[in-house]
Each structure stands twice: as C-alpha cells, then as structure tokens.
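Everything below concerns the one structure shown next.
The values are calculated or read from the model by the stated rules, or taken from the named source; none is laboratory data. Fair warning: this is a prediction, and the values are worked out from it, not measured in the lab. Glycine gets a Cβ as well: all are built from the backbone with ideal geometry, and neighbour counts include every protein chain shown.
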C-alpha cells in the first residue's frame with residue numbers, strides 16, 4: 001500500500017479496520033522480544049490513532065515505541081482485516097519529518113544523494129578509496145573505521161565498505177553484450193543501491209547466470225535508488241522523485257520484464273507499479289523470473305547451503321514456495337532448506353543500528369537454526385539481511401553470508 005498525501009488519514013483508516021483481536025502479536029518478532037503491548041502492531045495502531053485524535057503528543061517516548069518496527073510485514077500477512085501497521089509506522093515518520101528539520105545524516109542521504117541519484121556512485125567510490133588509504137592508519141577500536149559515524153551505534157559494529165568500483169561503471173559494457181546477443185528472453189535490470197555501491201559482485205554474478213541460460217540483460221543507465229529508504233523514514237518527496245525516475249528509465253523498453261536483485265527494491269517497485277501512469281513491464285525478483293522461464297541446469301554444489309528468505313521477498317512478493325522449489329532443483333541434496341522459514345532476521349534495514357539488543361536477539365535465533373541445519377553456507381537475496389546476518393555470524397566465528405547469486409554463479 002502506498003501512502004496518500006495525508007498520513008493522518010491512513011492512521012485513522014487502519015484503526016477503523018482493526019478488530020483488536022491480537023493475532024498480530026503472535027507473529028511480531030519485536031513484541032516477542034520486548035513483551036510490551038505498546039510495541040505490538042495492535043498497540044502501535046492504537047497509539048498512533050490517539051495521536052491522530054490529539055489525545056497524546058508527538059513525544060520522544062511515543063516516537064521511540066511507535067517506530068520500534070522491523071517492517072517485516074508478518075502482522076500484515078496474518079491480519080484478517082487487512083490492517084497495515086507497518087504503513088502506520090511510515091505515516092508517523094512522515095509526521096515527524098514534517099514537524100522538525102531533518103537530522104544532518106538523513107538530510108545528506110535523502111535530500112542530496114538519493115534524490116540526485118547520479119551523485120551516489122562517485123561519492124561512494126571516493127569514500128571507499130579514501131578509507132582504503134586511511135584504515136591501516138587508524139586504531140582498531142576507533143569508530144572512524146566504520147562506514148558512517150552513526151551516533152546510535154553501541155560499541156564497534158560491522159559495516160561493509162563501499163566498493164572501489166560501483167556496478168554502474170560497467171553498464172556500457174553489459175549493454176554492448178546485450179545488443180550483440182541472440183536471446184530467448186530479454187529483461188531490464190534494476191540493480192538497486194546496495195548491489196551498485198557495496199556488493200557489485202551480486203549483479204555481476206546474476207548477469208552471468210542469466211547469460212548462461214539464454215536471457216539477455218539490458219541495464220537502463222539512468223536508474224538510481226528505488227526510493228524505499230527515504231519513503232520509509234518520512235521523506236515522501238524523495239520517494240516520489242525516485243519512483244518517477246524509475247518510470248522514465250524503464251518505460252517503453254523492448255523487454256519481457258523488469259527484474260530486481262534486492263528483495264526490498266522488488267517489493268517496493270511491484271507495489272508502486274500499480275499506480276504508475278507510464279506503462280512499465282512487469283517487475284519480478286530475478287530469482288523468481290529465472291525459475292519461471294528457464295530450464296536451469298547447475299552442476300552439483302560442493303557445500304551444503306541453507307537459505308534465509310527476506311521478508312520483502314517471501315511476504316512482500318509472495319515468493320516463498322517459488323524460491324524454495326527453485327533452490328531444491330538447483331542445489332539438490334545440498335540444499336539444507338530455509339532456516340526458520342517466514343521469520344525476520346532482525347536486521348530491518350537500519351533497525352539493527354537503532355535497536356541492536358532486540359535485533360541481535362532475533363538474529364541469534366536465525367544463526368542458531370543455521371548451525372543446527374548442518375549447512376556450510378548461509379545465503380539470502382537481500383543486501384540488508386546479508387550485512388546483518390554476517391555480523392551475527394561473525395560473533396560466532398562463522399563465515400560471511402553469501403548472496404544467492406554468488407552461490408549460483410559458482411555452479412554454472
């Protein structure tokens with residue numbers, strides 16, 4: 001569901017539909033950890049409705065509890081009345097954003113870098129090379145070793161560095177390959193910020209797998225962020241600008257579909273496409289599209305692989321069973337299954353930076369299930385999940401989480 005111009009109206013609409021049955025409490029990972037009604041989906045709907053009626057103020061206590069949400073959509077999935085508490089959280093962020101000057105870090109990220117998407121690759125490439133020079137000179141304990149000076153971080157946290165060469169620097173090369181080939185199917189790739197700036201190997205691996213199976217990949221050169229991070233935290237103007245840029249870049253293309261390699265981007269764009277004025281091809285997660293159009297042949301895996309399905313792919317795109325069947329075929333006996341299927345990893349984008357204690361408690365359950373599965377490799381389809389689960393794994397001395405496209409690339 002996309003927000004209209006009145007966040008108060010969305011809050012009131014959710015309250016009108018809510019039966020106060022409490023079914024959402026049973027699936028909310030945050031409520032299970034905290035045990036307070038005010039952080040349950042039902043409690044957050046009630047609190048935000050009191051705010052809309054003017055019964056309570058936009059206090060720091062209110063904001064701390066109401067935005068304590070992973071956006072995992074478990075409450076949306078189980079609700080018999082189609083209430084969307086996660087969007088109520090977004091509405092509150094919009095009210096907060098309109099009530100004060102945005103903080104400097106979000107101002108730089110949302111209003112300068114994300115809104116002007118072309119600034120991101122050179123900015124991050126410069127940052128990566130600067131840190132490559134400075135990092136050996138910095139003490140091990142200093143926070144300057146990390147990507148951003150996040151004041152909410154408790155202790156030293158794992159943060160991946162920016163790639164020296166963003167994926168977008170290879171667009172011309174891949175488009176020449178696309179135009180030179182004869183393809184069974186043709187797609188346009190939306191690669192997303194994380195795969196562009198932090199994990200370019202994900203996009204390189206995905207394209208190699210597609211080419212191996214006769215699928216041509218065209219990459220619109222003017223694409224940027226999908227707008228979800230800005231919209232989720234109240235900057236509606238930036239979200240709409242990024243979606244408008246997506247429409248312009250991906251409309252009128254002679255392709256069969258648009259594919260994404262980020263679960264959150266895919267969920268956001270599939271939802272937004274329903275309200276776009278310009279015709280854009282159907283949007284698929286790249287794994288789902290490959291499973292539907294190609295008779296995939298992979299060599300046997302040497303390692304046993306477990307998979308964490310991101311919330312925005314499983315619930316957000318309804319792809320759990322499709323992905324499971326595909327991985328069973330691709331990996332055969334080496335597929336250890338989905339670990340705690342349908343449960344959030346606890347990362348929640350930046351949630352784990354704001355609420356690290358809750359996030360790590362949830363993440364430990366995922367990693368514990370991975371260890372019990374006997375698998376050698378943990379894989380996923382979400383850059384955010386990969387970052388957070390890698391940190392939880394590292395605390396146990398376990399190997400880094402791999403993106404599913406890296407795993408598949410090793411099998412072609």
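In region 69-83 there is no residue that is closer than 19 Å to residue 30 by Cα and at pLDDT below 85.
Each row is one residue, and each column tells you yes or no for (1) touching a strand residue (DSSP E or B) at 6+ places or on another chain (Cβ under 9 Å); (2) without any contact (Cβ under 8 Å) to a residue 40 or more places away in the chain; (3) farther than 27 Å from residue 271 by Cβ.
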residue: 16; (1), (2), (3): no, yes, no
residue: 30; (1), (2), (3): no, no, no
residue: 33; (1), (2), (3): no, no, yes
residue: 38; (1), (2), (3): no, yes, yes
residue: 48; (1), (2), (3): no, no, no
residue: 51; (1), (2), (3): no, no, no
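Just a yes or no: is a residue in region 243-254 modelled with pLDDT of 85 or more and in contact with a strand residue (DSSP E or B) (Cβ under 6 Å, 6 or more places away or on another chain)? Looking for residues that are modelled with pLDDT of 85 or more and in contact with a strand residue (DSSP E or B) (Cβ under 6 Å, 6 or more places away or on another chain), one finds at least one in region 243-254, hence yes. Every condition in (1) touching a helix residue (DSSP H, G or I) at 6+ places or on another chain (Cβ under 7 Å); (2) surrounded by fewer than 19 Cβ atoms within 10 Å (Cβ to Cβ); (3) without any contact (Cβ under 8 Å) to a residue 60 or more places away in the chain is met by residue 326 except one, and the failing one is (2). Among the residues that make up region 64-75, is at least one of them closer than 23 Å to residue 346 by Cβ, assigned to a helix (DSSP H, G or I) and either touching a residue at least 60 places away in the same chain (Cβ under 8 Å) or in the same structural domain as residue 316 (by TED's automatic domain parsing) (or both)? Yes, because at least one residue in region 64-75 is closer than 23 Å to residue 346 by Cβ, assigned to a helix (DSSP H, G or I) and either touching a residue at least 60 places away in the same chain (Cβ under 8 Å) or in the same structural domain as residue 316 (by TED's automatic domain parsing) (or both).
With respect to the conditions (1) over 20 Å from residue 231 (Cα atoms); (2) buried (at least 18 other Cβ atoms within 10 Å of the Cβ); (3) at pLDDT below 85, residue 61 lacks only one, and its number is (2).
Yes/no per residue for (1) surrounded by 22 or more Cβ atoms within 10 Å (Cβ to Cβ); (2) farther than 16 Å from residue 226 by Cβ; (3) at pLDDT 95 or above:
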{"position": "164", "(1), (2), (3)": "no, yes, no"}
{"position": "170", "(1), (2), (3)": "no, yes, yes"}
{"position": "175", "(1), (2), (3)": "no, yes, yes"}
{"position": "178", "(1), (2), (3)": "no, yes, yes"}
{"position": "185", "(1), (2), (3)": "no, yes, yes"}
{"position": "190", "(1), (2), (3)": "yes, no, yes"}
{"position": "201", "(1), (2), (3)": "no, yes, yes"}
{"position": "207", "(1), (2), (3)": "yes, yes, yes"}
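For the structure I just gave you, tell me whether residue 44 is in contact with a helix residue (DSSP H, G or I) (Cβ under 6 Å, 6 or more places away or on another chain), outside any loop (DSSP other than H, G, I, E, B), within 19 Å of residue 10 (Cβ to Cβ) and not assigned by TED's automatic domain parsing to the domain that holds residue 360. Spelling it out, residue 44 is indeed in contact with a helix residue (DSSP H, G or I) (Cβ under 6 Å, 6 or more places away or on another chain), outside any loop (DSSP other than H, G, I, E, B), within 19 Å of residue 10 (Cβ to Cβ) and not assigned by TED's automatic domain parsing to the domain that holds residue 360. In region 167-229, counting only helices (runs of 4 or more DSSP H) that sit wholly within it, the ones holding 3 or more residues that are within 27 Å of residue 299 (Cβ to Cβ) and assigned by TED's automatic domain parsing to the domain that holds residue 253 span 171-180, 200-212. Within the set 289, 284, 307, the sole residue that is modelled with pLDDT of 95 or more and either more than 27 Å from residue 249 (Cβ to Cβ) or touching a helix residue (DSSP H, G or I) at 6+ places or on another chain (Cβ under 6 Å) (or both) turns out to be 307. Determine whether region 368-376 contains at least one residue that is closer than 21 Å to residue 289 by Cα and either within 15 Å of the chain's Cα centre (by Cα) or in a helix (DSSP H, G or I) (or both). Within region 368-376, not a single residue is closer than 21 Å to residue 289 by Cα and either within 15 Å of the chain's Cα centre (by Cα) or in a helix (DSSP H, G or I) (or both). Residues that are part of a loop (DSSP other than H, G, I, E, B), surrounded by 23 or more Cβ atoms within 10 Å (Cβ to Cβ) and out of contact with any strand residue (DSSP E or B) (no Cβ under 9 Å at 6 or more places or on another chain) within region 334-366 comprise 344, 346, 347, 348, 355, listed in sequence order. Could you please let me know if residue 284 is surrounded by fewer than 16 Cβ atoms within 10 Å (Cβ to Cβ) and assigned by TED's automatic domain parsing to the domain that holds residue 224? The answer is no for residue 284. If you take the residues of region 213-229 that are in contact (Cβ under 8 Å) with a residue 60 or more places away in the chain and crowded, with 22+ Cβ neighbours inside 10 Å, which of them is farthest from residue 198 (Cα to Cα)? Here the answer is 215.
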